[in-house]
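Step one of this worksheet: look at the structure below.
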Amino acid sequence: MTGMKLIVGLGNPGKEYAGTRHNVGFDVVDGLACRLGARIEQKKFGSLFSESFFEECKVLLLKPQTYMNLSGQAVATAAGFYKLPASDLMVVADDMALRPGLIRIRPGGSSGGHNGLRDIISRLGTEQFARLRVGIGVSEYPDTRDYVLGRPGQKDGELIASAIARSQEALLCWIRDGLAAAMNRFNERNNPASATEDKKS
């Protein structure tokens with residue numbers, strides 16, 4: 001296996017956002033970097049960035065350091081620099097339509113209301129890139145800002161931590177075996193909220 005893959009974790013920079021629901025994309029990529037023996041410390045493309053290898057595939061890890069709703073510029077710049085097609089891109093983001101503990105991989109689709117995905121779609125000019133969505137559960141209040149920027153309680157936190165670890169396995173599977181294999185092995189039904197999630201997809 002050879003080639004190159006770009007994995008982007010979405011979040012907000014700054015210590016005040018560390019550990020929040022909206023930063024699970026950062027958490028997944030940080031954990032993956034540790035597994036690959038990499039450090040996401042290089043400043044490049046308006047991001048924190050690293051290069052490493054997994055089974056002869058070059059793995060580029062990217063954490064945009066703009067705020068969430070401006071993530072697209074960093075992704076488009078990195079993809080353009082390496083001349084990567086959208087098929088070699090995976091974006092990791094939080095998703096309120098999935099209950100905590102679940103992950104879903106999709107080959108493309110709309111932003112589903114996620115500001116980071118919306119900006120990436122706008123900057124790339126396509127919805128056809130893979131995304132791995134990590135469930136954080138839905139807010140009980142109409143204004144979701146405080147919810148996504150808040151930290152989960154112990155029960156949800158443990159479920160999300162489990163999903164973050166499983167997401168890393170799913171990403172390694174994607175690199176090694178491809179998108180279809182990763183979807184088959186790691187996608188789960190979202191009961192009882194699957195109807196909500198399926199309407200978004």
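The values are calculated or read from the model by the stated rules, or taken from the named source; none is laboratory data. Source: prediction; values computed, not measured. In this analysis, Cβ positions are derived from the backbone assuming ideal geometry, glycine residues included, and neighbour counts consider all displayed protein chains.
Within the range 26-35, can you find the residues that are under 20 Å from ARG131 (Cα atoms) and free of Cβ contacts under 8 Å to residues at least 60 places away in the same chain?
The answer is PHE26, ASP30, ALA33.
Of all residues being touching a strand residue (DSSP E or B) at 6+ places or on another chain (Cβ under 8 Å) and outside any helix (DSSP H, G or I) in the range 166-201, which is modelled with the lowest pLDDT? Just the residue, please.
Among residues in the range 166-201 that are touching a strand residue (DSSP E or B) at 6+ places or on another chain (Cβ under 8 Å) and outside any helix (DSSP H, G or I), the one modelled with the lowest pLDDT is SER201.
In this structure, does ASP146 turn out to be assigned to a helix (DSSP H, G or I), of a type outside the set (A, V, I, L, M, F, W, C) and at pLDDT below 95?
Spelling it out, ASP146 is indeed assigned to a helix (DSSP H, G or I), of a type outside the set (A, V, I, L, M, F, W, C) and at pLDDT below 95.
Could you tell me which residue of the range 128-147 is nearest to LEU98 (Cα to Cα), considering only residues that are surrounded by fewer than 16 Cβ atoms within 10 Å (Cβ to Cβ) and of a type in the set (D, E, K, R)?
Filtering the range 128-147 for residues that are surrounded by fewer than 16 Cβ atoms within 10 Å (Cβ to Cβ) and of a type in the set (D, E, K, R), the one nearest to LEU98 (Cα to Cα) comes out as GLU140.
Among the residues of the range 83-103, write down those that are charged (D, E, K, R) and surrounded by fewer than 24 Cβ atoms within 10 Å (Cβ to Cβ).
LYS83, ASP88, ARG99 - these are the residues of the range 83-103 that are charged (D, E, K, R) and surrounded by fewer than 24 Cβ atoms within 10 Å (Cβ to Cβ).
When LYS44 is evaluated against the numbered criteria (1) surrounded by 21 or more Cβ atoms within 10 Å (Cβ to Cβ); (2) over 16 Å from the mean Cα position of the chain (by Cα), which criterion, by number, is the only one it fails?
Answer for LYS44: the failing condition is (1).
I'd like to verify a number: residues in the range 46-101 that are among the small types (Gly, Ala, Ser), in a loop (DSSP other than H, G, I, E, B) and free of Cβ contacts under 8 Å to residues at least 60 places away in the same chain, how many?
1
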